[in-house]
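Visitor: Structure below; questions to follow.
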Amino acid sequence: MALNLDSSAFKDMVLVLGATGLVIPAFAALRISPVIGFILIGVAAGPFGLGQFPGLDWLALSNPESLGAPAELGVALLLFALGLELNLDRIRTMRNVIFGLGSQQMLLCGGLIAAVLYVAGLPPVAVAAIAGALALSSTAVGLQLLSASGRINSQAGRKALGVLLFQDLAIAPMLLLIGAGAASDAGGNFGRSLAIGVGALIGIALFARHIVPPLFLQAARTRRSELFLAAALVVLIGSAATAAVAGLSPAVGALTAGLMLSTSDYRRQIEAAIQPFEGLLLGVFLIWVGSGLDLGAIAENPWPVLGGTVAVILLKGGAIYGLLRVRQARRGVAGHVALLLASPSETSLIVLGAAVSARLIGGVEAQYALAVASLTLALAPLLGLAGAQLEAQSNEDLQEPAPETADQQTVIIGYGRVGRLVAQMLDMHGQPWLAVDSDPDEVQRLRRGGKRVIYGDARRPELLDRLKLDHARAVVLTIDDMRMLDLLVRRIRASHPDLCIVVRARDAEHAGTLYGAGATDAVPETVESSLQLAEVVLVDLGVAMGPVIASVHEKREELRTQIKGSGASPKRPPLRTLRR
């Protein structure tokens, strides 16, 4: 069938993809959040943007409403990924901060914003939806700034992380209540709608917990990434559709499924599979949000937006600062966390979008709420940096305890006979480790035995990003594929120049290649087996153990220096002799 190049749908698709591929990198180069870039593109391409000017109508979306379906899928995908990140073990470990400080922050900030909105004359339902949305803070911006500054394990980092985790958990009940409220407004019974929604979420949770893992096991056995992606999309779309049938936002179903899979053996591989689509479809959602903003109308009376922006930042920042000071946090830490969390987040736009779709808010109040959320989100990185600077300038930060290192671990990629022996030696010396293996059946068996092994395909570069190697103490590569080892070493070294990388090499030549690729240490199997044979022979011949071990160590260092210096050079006579 011939493609209709003149169709409005084709033109809209070209505009969206062109904006994503060309304009967003420009925003990234200017260090402007891509979120703001997407929203501005939506404003320009929407009915209130460039389409109003003669000759520029070709730059406008023909039918912005047609983006609604992919936009909703993008939101569902984002919350599915968010659920995967909400590791249940982490929640249990940090439960005091999450459910203590986190819940207090949401109630206090939401209550203050609601009080201002109620005094301004908004209806109670709109007040609740807008206040809940604006009380959220940006997890993406907050964690990125904390990680970049090395403060993720500081006092400020732990408190901010606890609050953000509670907010992420709170999204599900917020969307659930919005869906039930929409059903009530349509003539239904609120209690009945709420019960149906809760029942649907329980069904999704049970399905994701007990039925989905075998699906991923079968997909993993094929070792084909496209089938693994297909399985992830089936779970995502099925969960979203179930929630929609129950009268809820599809996003809350996707979030529930992701949360249940956060402890799955396949979590990292699922994240790696959906990552390329996550940003693209989220961009479609933000463009769709931007297309509904009428900046011209807002410009005629900008004071509600500017005043709302200042009010949100002051109310949230002041409330968080006061709350932390009451909980005995130091002034520098309290100021840092307050500024870091003062702005709303991308999920604020999702909650507001759900409220607009449910007709709980609309008209001018929806325009102003979306504009305030977008503008304050644009300021989030600046506020976060200002908070870090505030803490750095405080004399109190000199007393900051050393960052915790309990979560730092050695990552072992390849858990075969070599990887297992490395893990056993790490256990003997009390060193934490995490192993990644591509055999799904073996991973299942090892997990049942209590081993810290997860499923992952090292051929996928996205997996390395999801492993968060910035926080690892070392990486040990033990897989058999020589070409893949070379590629992995180069990839890891390019993005982590200071990380210790220890690699299993086939022989001395291969070790030289790995050193050239950036390995910290490459251990050739042929050389090590030869040294072990020599050690056993000498001891059996009656030579004292001490001198034998010393000579073996000396020879090993001599050969390592030789290999490091030669890189991927041709075979060397001493090594040929040793291999024989």
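The values are calculated or read from the model by the stated rules, or taken from the named source; none is laboratory data. Just so it is clear, the model here is predicted, and its values are computed rather than measured. Positions of Cβ are backbone-derived with ideal geometry, glycine not excepted, and every protein chain shown enters the neighbour counts.
Visitor: If you go through the range 527-559, how many residues are loosely packed, with under 13 Cβ neighbours inside 10 Å and part of a helix (DSSP H, G or I)?
Guide: So the answer is 14.
Visitor: Considering only residues of the range 140-186 that are among the charged types (D, E, K, R) and at pLDDT below 70, which is nearest to the chain's Cα centre (by Cα)?
Guide: Step by step, filter the range 140-186, then rank; the result is Arg151.
Visitor: If Gln218 satisfies all but one of (1) of a type outside the set (Gly, Ala, Ser); (2) surrounded by fewer than 19 Cβ atoms within 10 Å (Cβ to Cβ); (3) at pLDDT 80 or above; (4) farther than 30 Å from Gly199 by Cα, what's the number of the condition it fails?
Guide: Exception for Gln218: condition (4).
Visitor: What number of residues within the range 456-490 satisfy the criterion of being more than 17 Å from Ala511 (Cα to Cα) and at pLDDT 85 or above?
Guide: So the count comes out to 3.
Visitor: Six or more apart or on different chains, Cβ atoms under 6 Å: show the pairs whose first residue is in the range 13-27 and modelled with pLDDT under 75 and whose second is small (Gly, Ala, Ser).
Guide: Final answer for the pair search is Thr20/Gly283; Ile24/Gly37; Phe27/Gly37.
Visitor: Can you tell me how many residues in the range 234-273 are β-branched (Val, Ile, Thr) and more than 30 Å from Gly450 (Cα to Cα)?
Guide: The qualifying residues number 4.
Visitor: So which of Val489, Val503, Val475 is more than 26 Å from Ile274 (Cα to Cα), touching a residue at least 24 places away in the same chain (Cβ under 8 Å), buried (at least 19 other Cβ atoms within 10 Å of the Cβ) and in contact with a strand residue (DSSP E or B) (Cβ under 9 Å, 6 or more places away or on another chain)?
Guide: That would be Val503, the only listed residue that is more than 26 Å from Ile274 (Cα to Cα), touching a residue at least 24 places away in the same chain (Cβ under 8 Å), buried (at least 19 other Cβ atoms within 10 Å of the Cβ) and in contact with a strand residue (DSSP E or B) (Cβ under 9 Å, 6 or more places away or on another chain).
Visitor: Okay, next question. Filter the range 93-134 for residues that are hydrophobic (A, V, I, L, M, F, W, C), closer than 18 Å to Leu370 by Cα and exposed (fewer than 15 other Cβ atoms within 10 Å of the Cβ) and give the result.
Guide: Across the range 93-134, the qualifying residue is only Ala120.
Visitor: Regarding Ala240, is this residue under 23 Å from Pro70 (Cα atoms) and more than 25 Å from the chain's Cα centre (by Cα)? Steps first, please.
Guide: On the way: under 23 Å from Pro70 (Cα atoms): yes; more than 25 Å from the chain's Cα centre (by Cα): no.
When the stated conditions are applied, Ala240 does not pass them.
Visitor: Filter the range 326-367 for residues that are free of Cβ contacts under 8 Å to residues at least 24 places away in the same chain and touching a Lys or Arg at 6+ places or on another chain (Cβ under 7 Å) and give the result.
Guide: Ala334
Visitor: Spot the failing condition for Ser137; the list is (1) modelled with pLDDT under 85; (2) among the polar types (S, T, N, Q); (3) buried (at least 17 other Cβ atoms within 10 Å of the Cβ), and only one is missed.
Guide: Single failed check for Ser137: (1).
Visitor: While we're here: In the list Ala338, Ala257, which residue meets the criterion of being more than 24 Å from Lys468 (Cα to Cα), hydrophobic (A, V, I, L, M, F, W, C) and assigned to a helix (DSSP H, G or I)? Show your work before the answer.
Guide: Values: Ala257 fails: more than 24 Å from Lys468 (Cα to Cα).
None of the others qualify; the one that does is Ala338.
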